[in-house]
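The values are calculated or read from the model by the stated rules, or taken from the named source; none is laboratory data. As the structure is a computational prediction, the values presented were derived from the model and not from experiment. Cβ placement follows ideal geometry from the backbone for every residue including glycine, while neighbour counts extend to all protein chains displayed. All accessible areas refer to the heavy atoms of the entire protein, side chains included, with ligands and DNA or RNA removed. Shrake-Rupley method; radii C 1.70, N 1.55, O 1.52, S 1.80 Å.
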Amino acid sequence: MNLSGPAKAALFLLLFFKSILAFAEDPTIDSLKNVLSKLQDSPEKVQTLLELGQNTLNTSIEEAVAYATAAKDLSGKIAYDKGRADAYRLLGVYYKKWGKYRESLDAYTSSLEISRKMKDLSGQSIVLNNFGSLYGDQGQETTGLEYYFQALKLAEQAHDTTRTVITLNNIGNIYLNKPNTYDKALEYFLRALPLAKQIKDYTIIGTVTVNIGELYMNQSKYESALFFFKQSLAAFEVTGDVCYTLNDIGKLYEKKENFDSALAYHQRALTIATNLDAKEDMAGSLLGIAQINYRQGKIKAALGAYQKAENIARSLDSKFRLKESYQGLAACYAALNDYNHAFEYQTRLVDIKDSIYNKESDQKLARLDFTFQIEKKQSQIDLLTKDKLLKDSELRRQKIAKNAVIGGLFLAFIIAFILYRGYRNKVKTNKILDQQKGQIENLVLNILPA
């Protein structure tokens, strides 16, 4: 269905106001608050606080942090380790979204320590995934991938499908950052997608499909990309976390030179992200808006958006966002004939690209996947070897038991033969004695009178 320009604008306004109204009232939050007010200090109260934090994340990160902190403190008070581990983990997630990386790292570390103490494999896998995401977002892909492979190993050991599919997607996301590892990225995404649909987790479905769409978009396969973006948007509209997908759809329309649609998607994402104070999504939206303005020849407008994105990216220490910002700023200053600033940002761009992209890093990323696959195969071989040893041991045990039975039967036969022979000899002896007794009696009768 094709819409005219005004009709498209009306549609986007309708979607925008719908999303804003969704934030205004949330009966789930009111219901949880009502439940919370009636609970005594208990694990149930901790879980309710954590649920409130997750539900308020889409309206206020600050409130989400406050609820998670309250859950952490209460868990410590009632000695509820699982609650403490979950609270620290969610604090790490919220702080990362807020752009407070140091606090996020500290919270994840505390959660991992508690999970290890509890020997909770799934809990450890979750936190290791969070570590991988934290380092990956800062351009430390090798470190991020190492954490992801640790997480995948634990998830598979725990037979935890949810953790497994999340980790597969995260590994694919690392490989998505470089064109020469797109094949690896698609391999992991396609392993993750059917599992995500199997467990019906809309957040995971939305994340995996947006990543597949992004890969196809980068390969200029726009129809395939849009197909997966629409799947992602449908999944995320259930959860409310739509900004990343909206920005990707904006990028796609910008590549197709449908600038009005592209700008509408980026502005919608920016409005939602700004209301949430979600800095990562704000930076993505601003970069999209800046790129559209630049391509339309609105250089000063583009420059302002790139500068805002640069400031946010620097506060997040996000190397990939900084790379995009420097590239755009260098181009804008060159277009304005401000070659001093253009050279300055081109130099920054070269420096940051060198820190992100290098052959040694690419090779190590490939080796990490190879090493993980080898370790996995070795684990399977070890299990098969152990199984063979157990079977050999069982066969030896059965052979010993069989020989023991045969030996016992043979011994019983010998004893029975000896007893039987003794019995026969005794019968024969008694018969001879009876004969001799008869002869003696006859002899006596012949000698003496009866």
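Residue pairs whose Cβ atoms lie under 8 Å apart, sitting 6 or more positions apart in sequence or on different chains, and linking a residue in the stretch 237-256 that is without any contact (Cβ under 8 Å) to a residue 24 or more places away in the chain to a partner that is among the aliphatic types (A, V, I, L, M) and open to solvent by 10 Å² or more (accessible area, probe 1.4 Å), are Ile249/Leu226; Ile249/Leu233.
Within the stretch 190-212, the presence of a residue that is of a type outside the set (A, V, I, L, M, F, W, C), open to solvent by less than 40 Å² (accessible area, probe 1.4 Å) and either over 27 Å from Met282 (Cβ atoms) or more than 18 Å from the chain's Cα centre (by Cα) (or both) is excluded.
When Ser133 is tested against the conditions (1) within 25 Å of Ala192 (Cα to Cα); (2) in contact with a Leu (Cβ under 9 Å, 6 or more places away or on another chain), the lone failure is (2).
Which residue out of Ala330, Ala283, Ala342 is open to solvent by less than 20 Å² (accessible area, probe 1.4 Å), closer than 14 Å to Asn247 by Cβ and either hydrophobic (A, V, I, L, M, F, W, C) or in a helix (DSSP H, G or I) (or both)? Full working, then the answer.
Numbers: Ala330 fails: closer than 14 Å to Asn247 by Cβ; Ala342 fails: closer than 14 Å to Asn247 by Cβ.
On inspection, the qualifying residue turns out to be Ala283.
Can you pull out every residue in the stretch 231-253 that is of a type in the set (S, T, N, Q), under 17 Å from Leu276 (Cβ atoms) and open to solvent by less than 20 Å² (accessible area, probe 1.4 Å)?
Taking the stretch 231-253 first, the residues of a type in the set (S, T, N, Q) are 231-232, 239, 245, 247.
In the following step, the residues that additionally are under 17 Å from Leu276 (Cβ atoms) were identified as 239, 245, 247.
Scanning the stretch 231-253 gives Thr245, Asn247.
Of the listed requirements (1) open to solvent by less than 10 Å² (accessible area, probe 1.4 Å); (2) at pLDDT 95 or above, Gln267 misses just one: (1). The single condition from (1) under 26 Å from Glu113 (Cα atoms); (2) open to solvent by 70 Å² or more (accessible area, probe 1.4 Å); (3) of a type in the set (D, E, K, R) that Lys33 fails is (1).
Based on what the data block shows, is Glu141 out of contact with any strand residue (DSSP E or B) (no Cβ under 8 Å at 6 or more places or on another chain) and within 21 Å of Arg314 (Cβ to Cβ)? Judged against the criteria, Glu141 is a match.
Among the residues of the stretch 290-343, those identified as among the charged types (D, E, K, R) and closer than 26 Å to Gly99 by Cα are Lys308, Glu310, Arg314, Asp317, Lys319, Arg321, Lys323, Glu324.
Looking at Tyr80, is it among the aromatic types (Phe, Trp, Tyr), over 24 Å from Asn58 (Cβ atoms) and modelled with pLDDT of 90 or more? Spelling it out, Tyr80 is indeed among the aromatic types (Phe, Trp, Tyr), over 24 Å from Asn58 (Cβ atoms) and modelled with pLDDT of 90 or more. Here Asn58 clears all of (1) surrounded by fewer than 24 Cβ atoms within 10 Å (Cβ to Cβ); (2) in a helix (DSSP H, G or I); (3) of a type in the set (S, T, N, Q) except the condition numbered (2).
Just wondering, is there one or more residues in the stretch 376-393 that are of a type in the set (Lys, Arg), surrounded by 11 or more Cβ atoms within 10 Å (Cβ to Cβ) and modelled with pLDDT under 75?
First, pick out the residues of the stretch 376-393 that are of a type in the set (Lys, Arg): 376-377, 386, 388, 391.
Narrowing further to those that are surrounded by 11 or more Cβ atoms within 10 Å (Cβ to Cβ): 376.
Remaining after also requiring modelled with pLDDT under 75: 376.
Checked against the condition, which is being of a type in the set (Lys, Arg), surrounded by 11 or more Cβ atoms within 10 Å (Cβ to Cβ) and modelled with pLDDT under 75, the stretch 376-393 yields at least one hit.
Answer yes or no as to whether Asp277 is under 22 Å from Gly99 (Cα atoms) and in contact (Cβ under 8 Å) with a residue 40 or more places away in the chain. So Asp277 fits the description; yes.
Picking from residues in the stretch 302-318 that are open to solvent by less than 50 Å² (accessible area, probe 1.4 Å) and modelled with pLDDT under 90, the one that is farthest from Asn177 (Cα to Cα) is Leu316. Here Asn173 qualifies as within 22 Å of Lys255 (Cβ to Cβ), in a helix (DSSP H, G or I), open to solvent by 30 Å² or more (accessible area, probe 1.4 Å) and modelled with pLDDT under 95.
Okay, residues lined up against (1) more than 20 Å from Phe320 (Cβ to Cβ); (2) of a type in the set (Asp, Glu):
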residue: Leu168; (1), (2): yes, no
residue: Glu187; (1), (2): yes, yes
residue: Leu195; (1), (2): yes, no
residue: Tyr202; (1), (2): yes, no
residue: Ile212; (1), (2): no, no
residue: Ser220; (1), (2): yes, no
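Evaluating Asp81 against the criteria (1) under 30 Å from Ala313 (Cβ atoms); (2) among the acidic types (Asp, Glu); (3) in contact (Cβ under 8 Å) with a residue 24 or more places away in the chain leaves one unmet condition, (1). Out of the stretch 74-111, which residues are closer than 24 Å to Asp277 by Cα and not in a helix (DSSP H, G or I)? Those that are closer than 24 Å to Asp277 by Cα and not in a helix (DSSP H, G or I): Gly99, Lys100.
Inclusion of Glu63 among residues that are of a type outside the set (A, V, I, L, M, F, W, C), over 21 Å from Met118 (Cβ atoms) and either modelled with pLDDT of 85 or more or assigned to a helix (DSSP H, G or I) (or both) is warranted. Looking only at the stretch 69-92, which residues are of a type in the set (A, V, I, L, M) and open to solvent by 50 Å² or more (accessible area, probe 1.4 Å)? Residues satisfying the conditions are Ile78, Ala79.
For Lys117, state whether it is of a type outside the set (Val, Ile, Thr), in a helix (DSSP H, G or I), surrounded by fewer than 17 Cβ atoms within 10 Å (Cβ to Cβ) and without any contact (Cβ under 8 Å) to a residue 40 or more places away in the chain.
Numbers: of a type outside the set (Val, Ile, Thr): yes; in a helix (DSSP H, G or I): yes; surrounded by fewer than 17 Cβ atoms within 10 Å (Cβ to Cβ): yes; without any contact (Cβ under 8 Å) to a residue 40 or more places away in the chain: yes.
Judged against the criteria, Lys117 is a match.
The set of residues from the stretch 150-163 being assigned to a helix (DSSP H, G or I) and surrounded by fewer than 22 Cβ atoms within 10 Å (Cβ to Cβ) comprises Gln150, Lys153, Glu156, Gln157, Thr161, Thr162. One residue is enough: does the stretch 253-260 have a residue meeting the conditions assigned to a loop (DSSP other than H, G, I, E, B), among the hydroxyl-bearing types (Ser, Thr, Tyr) and within 25 Å of Gln296 (Cβ to Cβ)? Looking for residues that are assigned to a loop (DSSP other than H, G, I, E, B), among the hydroxyl-bearing types (Ser, Thr, Tyr) and within 25 Å of Gln296 (Cβ to Cβ), one finds none in the stretch 253-260, hence no.
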